[in-house]
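Reviewing the structure listed below.
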Amino acid sequence: MLPSTPLEVRDAVWRYLIERVRGEGGDWQIYALVAQRIALKGIAVHLAPKYVSREEIRQANVEVTACFLVTCGRMQIRTPHVGARLVDQTKYHAENAYWTGRNERTSTTRKKPRSTACSETCRCGNGIRAGTPTSY
């Protein structure tokens with residue numbers, strides 16, 4: 001969407017997309033991913049440190065995608081700034097999941113960020129189940 005698009009319109013579009021993702025999944029998940037592709041790519045680039053292997057870059061993209069879809073399923077969509085909050089929550093959970101997984105994959109001792117996990121399918125670490133309402 002264009003930056004000049006009014007907030008009410010952006011929120012309505014994101015509510016519609018998220019409702020379709022929750023209700024129908026499948027193709028709607030792809031549509032939502034494509035709608036946020038620039039922001040999600042930025043998160044993945046931020047996650048993967050410079051000069052890492054292609055596998056690490058691929059893993060960062062996997063974590064971002066998984067956390068995005070889980071966040072679509074559990075975030076509050078009745079409050080304003082739906083798209084921005086979706087990206088913020090995805091980034092937060094993807095960072096936790098990526099660094100947890102990276103520490104498991106390597107002997108790196110980087111401190112894991114604080115965690116409020118997406119669900120048991122997300123590797124953030126604290127076991128909140130998908131669909132649990134949050135105050136985001």
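Tabulated values for the structure
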{"quantity": "For region 80-94, Karplus couplings with θ = phi - 60° (6.51, -1.76, 1.60), whole Hz, Gly/Pro x", "calculated": "x, 6, 4, x, 5, 5, 4, 5, 4, 5, 4, 4, 4, 6, 5"}
{"quantity": "Ranked by how many other beta carbons lie within 10 Å on average, peptides 35-44, 91-100 from highest", "calculated": "91-100, 35-44"}
{"quantity": "Segments 22-31, 79-88, 1-10, 57-66 sorted - mean Cβ within 10 Å per residue, highest first", "calculated": "57-66, 79-88, 22-31, 1-10"}
{"quantity": "Per-residue ³J(HN,Hα) for region 65-75, Karplus 6.51 cos²θ - 1.76 cosθ + 1.60, θ = phi - 60°, Hz, x for Gly and Pro", "calculated": "4, 4, 5, 4, 5, 5, 5, 4, x, 10, 6"}
{"quantity": "Taking N as its residue count, the alpha carbon Rg of region 7-105 over 2.2 N^0.38 Å", "calculated": "1.10"}
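Only the coordinates and a few stated rules stand behind these numbers; no lab work does. This structure is a prediction, so every number in the text was calculated from the model and none was measured. Note that we place each Cβ from the backbone using ideal geometry, even for glycine, and neighbour counts take in every protein chain shown.
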